[in-house]
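The values are calculated or read from the model by the stated rules, or taken from the named source; none is laboratory data. This is a predicted model, so every value here is computed, not measured. So basically every Cβ, Gly included, is an ideal-geometry build from the backbone, and we count neighbours across all protein chains shown.
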Amino acid sequence: MDEERWLITGASGQLGGYVLESLIHEVSPQSITALAGAGPVVECGAAVQRIDLRDRSAVRTCVEAVRPTHVLHLGGVTTVGAAFADPQATRRINVETSAVLAECVARHGGRLVFASTDMVFDGTAAPYREDAPPCPVSEYGRSKVTAEQAVLAVDNTLVVRLSLMYGFPRTHRTTTFVKQIESLRRGESLRLFTDEFRTPMWFGDAAAALIALCRSGQAGILHVAGPERLSRYDMARHFASVLGIMSTNFVASSRLSIESPEPRPADLSLNVSRLRERFPRVVPGPIRAESLRGHAGGGD
């Protein structure tokens, strides 16, 4: 088999950081090209290219130069708020660039795995299997559904729907998770939803699964998520328990108490029985000490 050549988009994102850290233990840094925005990228020896994903010409040029055998497409507009604020730009990046990238990769004989989201559902019929009809209620979710369709129209592609992820970022940045852990350690009050459910997983588990799936021949759609259906309130309680924080000040709250321009789905839990059956070694685990290692604002 030819030497693997990896292309990782969204390399400056949180998931991208974990993917690079995992991949660098398996392949030579010279075989990895990381496409990143303006944010910091994990220092691992990989070639870093700063490319705006709106520039489809630059994306094509990169693929033609690298001729990757494996592509993990993690980049794009990744938050509900950003997608709502600029739906036109979101469609250009999440849909049009994804389609161009998939077609270009396939033309050169490579394989592409597209990172999608549990937000393609409306939260009324969980737990969701892969064959459940998408029914997004946000601009972000709608862009991902359309992107899924565009990617799946190309040979040798896989769509992986990911659940909510947590963990310390691998480069210096402040995230909601970091702030939450800091508040827990200081014994500060935390107001958390008791009526919004996900199947959360650690970034490290998601990264390992994506790398393995990219090397597989699996096609179509696959769900990757944690083993437990948890509310935001329950998640924080698990974090505190694993970290040995005995004194907590949690305030129960409802997602309906927060004004939002788009609905907040009640339950986006994903069913991972297909993953467990076909790829049991990469099924994400529960919240545990390994997944909470690090310090607020950076890596280990």
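Here are the numbers for the structure shown:
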{"quantity": "Conditions (1) surrounded by 16 or more Cβ atoms within 10 Å (Cβ to Cβ); (2) touching a Phe, Trp or Tyr at 6+ places or on another chain (Cβ under 7 Å); number of the one not met by T194", "calculated": "(1)"}
{"quantity": "Leading residue by the ranking (surrounded by the most Cβ atoms within 10 Å (Cβ to Cβ)) among those in region 156-177 that are charged (D, E, K, R) and modelled with pLDDT under 95", "calculated": "R170"}
{"quantity": "Residues within region 132-147 that are out of contact with any helix residue (DSSP H, G or I) (no Cβ under 7 Å at 6 or more places or on another chain) and in contact (Cβ under 8 Å) with a residue 12 or more places away in the chain, tallied", "calculated": "2"}
{"quantity": "Which listed residue is among the basic types (K, R), in a helix (DSSP H, G or I), on the phi < 0 side of the Ramachandran plot and without any contact (Cβ under 8 Å) to a residue 40 or more places away in the chain, from R92, R60", "calculated": "R92"}
{"quantity": "Sole exception among (1) farther than 19 Å from M165 by Cβ; (2) modelled with pLDDT of 95 or more for P227, by number", "calculated": "(1)"}
{"quantity": "Number of positions in region 197-239 that are basic (K, R), surrounded by fewer than 24 Cβ atoms within 10 Å (Cβ to Cβ) and more than 29 Å from R5 (Cα to Cα)", "calculated": "3"}
{"quantity": "Search result, residues across region 131-155 that are under 13 Å from H73 (Cβ atoms) and assigned to a loop (DSSP other than H, G, I, E, B)", "calculated": "V154"}
{"quantity": "Region 97-136, residues that are among the basic types (K, R) and either within 22 Å of A225 (Cβ to Cβ) or modelled with pLDDT under 95 (or both)", "calculated": "R129"}
{"quantity": "Candidate set from region 274-293 (those that are among the small types (G, A, S) and in a helix (DSSP H, G or I)); member that is surrounded by the fewest Cβ atoms within 10 Å (Cβ to Cβ)", "calculated": "A289"}
{"quantity": "Test for T199: is it of a type in the set (S, T, N, Q), touching a residue at least 40 places away in the same chain (Cβ under 8 Å) and more than 25 Å from M119 (Cα to Cα)", "calculated": "no"}
{"quantity": "Cβ pairs under 7 Å, 6+ apart, first in region 23-40 and free of Cβ contacts under 8 Å to residues at least 40 places away in the same chain and more than 23 Å from R173 (Cβ to Cβ), second of a type in the set (D, E) and surrounded by fewer than 17 Cβ atoms within 10 Å (Cβ to Cβ)", "calculated": "V27/E4; S31/E3; S31/E4"}
{"quantity": "Which numbered condition V113 misses (of (1) outside any helix (DSSP H, G or I); (2) surrounded by fewer than 22 Cβ atoms within 10 Å (Cβ to Cβ))", "calculated": "(2)"}
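Matching residues to (1) in contact with an Asp or Glu (Cβ under 8 Å, 6 or more places away or on another chain); (2) surrounded by 15 or more Cβ atoms within 10 Å (Cβ to Cβ); (3) not acidic (D, E):
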site	(1), (2), (3)
A11	no, yes, yes
E21	no, yes, no
Q30	no, no, yes
A36	no, yes, yes
V41	no, yes, yes
